[in-house]
Amino acid sequence: MEDEAAAPSVSESVQCPVCAKEFKPSSINAHLDRCLQDDDRCPSTTDEDGPPFKKPRVTAVTSASPVPVSNIANGTSVSALRGASSTVFSLFQNKKHNVSVQSERSPSFSEKPPPSSAVVSRGIKRNAPNDTELGQTDTEPTMPNPPLTLVKRSTDAMPSRTFMASDKPLADILRPKTLEEYFGQNKVVGEHTLLRSLLNSQDIPSLILWGPPGCGKTTLAHIIASKSKQKGTVRFVTLSATSASTSDVREVIKQAQNEIRLCKRRTIMFIDEIHRFNKSQQDTFLPHVECGTVTLIGATTENPSFQVNSALLSRCRVLVLEKLSVEAMSSILQRAVTSLGVHVLGDGEQAEHLEEPPDDGSQPQVYIEQRALDTIAHLCDGDARAGLNGLQMALQARVGMALPGNSGTPQRVVVQEKHVKEGLQRSHILYDKAGEEHFNCISALHKSMRGSHENASLYWLGRMLEGGEDPLYVARRLVRFASEDVGLADPLALPQAVSAYQACHFIGMPECEVILAQCAVYLARAPKSVEVYKAYSNVKASLRNHKGPLPSVPLHLRNASTKLMKELGYAKGYKYNPSFSTPAEQEYLPEELKGVDFFTWTPSE
């Protein structure tokens, strides 16, 4: 009877197969992630969901094979502990090095693990009965060169030389973690949008995020993952189609099946640059997205209609992210300088007239002009990554040149508009010669010339040439336009276009750009006529819609090149027009089309 009474208490807790601690069923998933990822930053204080630290893991290893304290300091016990955990419960561990699973405790992918010295020190403090015997203190070890800190600082505080020490791009360091910090995509994640409602209900469907570079596709996927994992029932896996293979995808899907079966957790799989997967690789996702084994979030800069399987598109919702506006870029840059502690100088404000903030006398005081931020917002072309990294480059360059004065006081560093222009020049225009933008621009050029708008014609021509388009492709399109849209209204338009093509072939870029510009303006100003184009279109419609065999060529129009043909009546009754002073009256169309005028004829249903 005593055993039967004790049984319910045993079922109320679950034992961790890694550290052998007892946990509530609701908290075992979150604890497993910390154990299996060898996260040395597990909570060091007792909470209601689990033990204070992973002491049993250390004890289990040392009981079987004692490790000297000196070896612990050298990092030997760390690898031993990791080997023990991987052999005990390797079911959920990832076997591929290029598959990165985000930590359940932190939604940010940019967080760096602590240095190895900090890992060893904290490991000693947890396992040693007396820290003073091992020569340890209560203070945590400090890094000699700490990385750039993202703690919110007041605008009066100045940044340290972490501009120079940071080894990560500013765009990755300042990646937003909440929708409140996510700017520029209100049409997709605004207050009353469908995606916002799904995020609040934590019921995310499979998505394809389509937008230009730097518009926030990857960031939005991370925010969705962070929002979805609040209840601890979702795990997030990220892959890049530029480096992952089909076996990596199948490995993640296998883990997702185990997670659903054993832990009742869904898996969100984020595929960056999904258009890099070919059609057969994309087919790998189909049955698993269909049955809900994984929730797929793909990011692409290419048109999904061309680059993603139609079967996969039917299982996903496509969200179109727009290029960031100047206002959104200004908000992003303002958040960046506030996080870095850089003071913004307004119009007419001088750094010399400001009150000096308290400083330790070793770091420069950094200011940036508002005009410099506005210049970045305009030059980055809606690319937040380019804007933030351009800001970081300008700050690093100016801080690197600032040296303490002879008096020991730090110099004032002022980042001006000319400094950001040096580091952020518009070296390219968003244009893909093989993608959708290629067809968008040539369509805009064609329609601008058709509408006789010479300025717009020059603009779209410049967009294509400056973006790296082949000038001969543009010249071929101008030749087509000269016949299709100008036609007989200006018979000289076609020779102009052909001459432009030949000239481009002779001299190439960049000298031929003015030749194409001249031809485009000529065609835009020329009178337009599409009567030949329409008439030939009617001929094609007549041929395609004709029922039964096509009419035979009339005998009098046939050439009688042999005696047999003459005997059969070929060329009989033909009137040779040069022999007559006026056009000879005879029929040239088949009997079935007698009297048809293709310039006015309308195809029948």
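Quick one: would you say Glu437 is surrounded by 17 or more Cβ atoms within 10 Å (Cβ to Cβ), over 16 Å from Tyr522 (Cβ atoms), free of Cβ contacts under 8 Å to residues at least 40 places away in the same chain and in contact with a Phe, Trp or Tyr (Cβ under 6 Å, 6 or more places away or on another chain)? Steps first, please.
On the way: surrounded by 17 or more Cβ atoms within 10 Å (Cβ to Cβ): yes; over 16 Å from Tyr522 (Cβ atoms): yes; free of Cβ contacts under 8 Å to residues at least 40 places away in the same chain: yes; in contact with a Phe, Trp or Tyr (Cβ under 6 Å, 6 or more places away or on another chain): yes.
Yes; evaluated as a whole, the condition is true for this residue.
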- Note on the structure: Counting only residues in region 555-569 that are open to solvent by less than 60 Å² (accessible area, probe 1.4 Å) and free of Cβ contacts under 8 Å to residues at least 24 places away in the same chain, the one nearest to Pro590 (Cα to Cα) is identified as Gly569
- Can you find even one residue in region 261-270 that is open to solvent by 10 Å² or more (accessible area, probe 1.4 Å) and not charged (D, E, K, R)? yes
- Using beta carbons and a limit of 7 Å, which pairs, at least six apart or on different chains, have the first residue in region 262-280 and under 19 Å from Ser305 (Cβ atoms) and the second one acidic (Asp, Glu) and part of a helix (DSSP H, G or I)? none
- Message: For region 517-529, give me each residue that is buried (at least 16 other Cβ atoms within 10 Å of the Cβ) and not hydroxyl-bearing (Ser, Thr, Tyr).
- Response: Ala517, Cys519, Ala520, Val521, Leu523, Ala524, Ala526, Lys528
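Might you check whether a residue that is more than 30 Å from Glu466 (Cα to Cα), of a type in the set (S, T, N, Q) and not in a loop (DSSP other than H, G, I, E, B) occurs anywhere in region 521-529?
no
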- Query: Just for strands (runs of 3 or more DSSP E) wholly inside region 244-355: which have at least 1 residues that are among the hydroxyl-bearing types (Ser, Thr, Tyr) and within 24 Å of Leu174 (Cβ to Cβ)?
  - Reply: 294-300
- Task: Determine which member of the set Ser542, Ser483 is open to solvent by 30 Å² or more (accessible area, probe 1.4 Å) and under 30 Å from Pro603 (Cα atoms).
- Result: Ser483
- Item | Enumeration of residues in region 452-480 that are open to solvent by 20 Å² or more (accessible area, probe 1.4 Å) and touching a residue at least 60 places away in the same chain (Cβ under 8 Å) | Ser452, His453, Glu454, Leu458
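The values are calculated or read from the model by the stated rules, or taken from the named source; none is laboratory data. This is a predicted model, so every value here is computed, not measured. Positions of Cβ are backbone-derived with ideal geometry, glycine not excepted, and every protein chain shown enters the neighbour counts. The accessibility values were calculated without ligands, DNA or RNA, using every heavy atom of the protein model including side chains. Shrake-Rupley method; radii C 1.70, N 1.55, O 1.52, S 1.80 Å.
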